[in-house]
1. Could you tell me which residue of segment 189-215 is nearest to Ile274 (Cα to Cα), considering only residues that are assigned to a strand (DSSP E or B) and open to solvent by less than 40 Å² (accessible area, probe 1.4 Å)?
2. Is it true that Thr77 is open to solvent by less than 50 Å² (accessible area, probe 1.4 Å) and touching a helix residue (DSSP H, G or I) at 6+ places or on another chain (Cβ under 9 Å)?
3. Restricting attention to segment 133-147, which residues are of a type outside the set (A, V, I, L, M, F, W, C) and assigned to a helix (DSSP H, G or I)?
4. Taking only pairs six or more apart or across chains, which ones have beta-carbon atoms under 7 Å, a first residue in segment 287-305 that is of a type in the set (Val, Ile, Thr), and a second residue that is part of a helix (DSSP H, G or I) and open to solvent by less than 70 Å² (accessible area, probe 1.4 Å)?
5. Quick check: is even one residue across segment 86-99 farther than 21 Å from Arg143 by Cβ, at pLDDT 85 or above and among the β-branched types (Val, Ile, Thr)?
6. Looking at Asp271, Asp247, which one is within 16 Å of Val312 (Cα to Cα), outside any helix (DSSP H, G or I), touching a Gly at 6+ places or on another chain (Cβ under 9 Å) and at pLDDT 95 or above?
Amino acid sequence: MMRPFLLLLAVALLVMGSPAMAQTSGPEYARLPSGTEYRLFRKDAAGRYQPRALAPSDAPYASRAGQVLTVFMEFRTGRDSVLMNSRRMQPTPQPVQLPEKPARGGIEEALGLLLPGDSAVFRLQADTVFANTFHQPVPPFLRKSGNTLVVLASARELLTVPEMMARQEKLQADMMKQEQARSAGQMAKDVAQIQAYLKKNHATAKKTAGGTYYIIKKLGTGLPPKKGQTVRVLYRGTVLATGQEFDSSAKHGNEPIAFALGQGQVIPGWDQGIAMLTKGSKAVLLIPSPLAYGSRGAGADIPANAVLRFEVELVDFQ
């Protein structure tokens, strides 16, 4: 849970060009034995942030090791140049699993001081953080800025690992339901577009169980290929709405493309459509966008939610 975020942060720091400037001010820093400096804050009854001392009764790290802290973080240089703000990258707090033995001077050790509801400013030695947490050299610009990494943190919840996993699973399930609902709506629009195309061109198409339409132009011989067999296909692909070609075998020396059928090596519409053909067959595949590249599109030539038209020939399979 922590590592993907740390990797993202490390990349952001390494590619940082001209960070924005911001200023921080406040009371004096306290210091951990590792050298990490910190200032803790908590809202009072009036909603104002007030300095909070680290009391012996907090048992800061041992009591929370192994749990997951959700936290918003902002990273700055020692000269207060803003490097990265997690809230801008993702609107929900980042889950950070607190290890049993945090590296001295690392980010996990600093975050282990926090209780839900706390905010803090940490000053860490950049070379220590990059050696112990990121396992990378310090970026030159950060070393020139005083070899200091400043972390502003706002802690939200403390959860057990099972609680965090359950939450993430629910979030993924909710996102999947939303995507399925969106895909169903888009599929209905795409089917209407395909039906209009068929009517305009006086064509009749069959439909696979998965929703890909296909028009047989030349009937081949024998039986269709089975799942897992390697098929070789010549093709020309266009966007149905515009007729713009985005790829073809002709662009690749007129060599058939080879792939294992039904293994997810191509878009679902291809796996479905090619499975309907026999050796030597020529056909037109009309593929709704959820069975092609969906809302993300593909490159500059395939826009989001594009219905695709492929002229294909199943050369052979084995």
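The values are calculated or read from the model by the stated rules, or taken from the named source; none is laboratory data. This is a predicted model, so every value here is computed, not measured. Counting neighbours? That spans all protein chains shown, and the Cβs are built from the backbone with ideal geometry, glycine included. For the accessible areas, the whole protein counts, side chains as well, though only heavy atoms, and no ligand, DNA or RNA atoms are used. Shrake-Rupley method; radii C 1.70, N 1.55, O 1.52, S 1.80 Å.
1. The qualifying residue nearest to Ile274 (Cα to Cα) is Tyr214.
2. Yes: the conditions hold for Thr77.
3. Scanning segment 133-147 gives Thr133, Pro140, Arg143, Lys144.
4. From residues that are of a type in the set (Val, Ile, Thr), the pairs are Ile287/Gly269.
5. Checking segment 86-99: at least one residue is farther than 21 Å from Arg143 by Cβ, at pLDDT 85 or above and among the β-branched types (Val, Ile, Thr).
6. None of the other options fit; the residue is Asp247.
Listed here are the residues, each with its yes/no results for (1) farther than 22 Å from Gly78 by Cβ; (2) open to solvent by less than 10 Å² (accessible area, probe 1.4 Å); (3) in a strand (DSSP E or B).
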| residue | (1), (2), (3) |
| --- | --- |
| Gly105 | no, yes, no |
| Leu114 | no, yes, no |
| Asp127 | no, no, no |
| Glu157 | yes, no, yes |
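Residue-by-condition table, conditions (1) within 14 Å of Lys217 (Cα to Cα); (2) acidic (Asp, Glu); (3) open to solvent by 10 Å² or more (accessible area, probe 1.4 Å):
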| site | (1), (2), (3) |
| --- | --- |
| Ala260 | no, no, yes |
| Gly269 | no, no, no |
| Gln272 | no, no, yes |
| Val284 | yes, no, no |
| Ser289 | no, no, no |
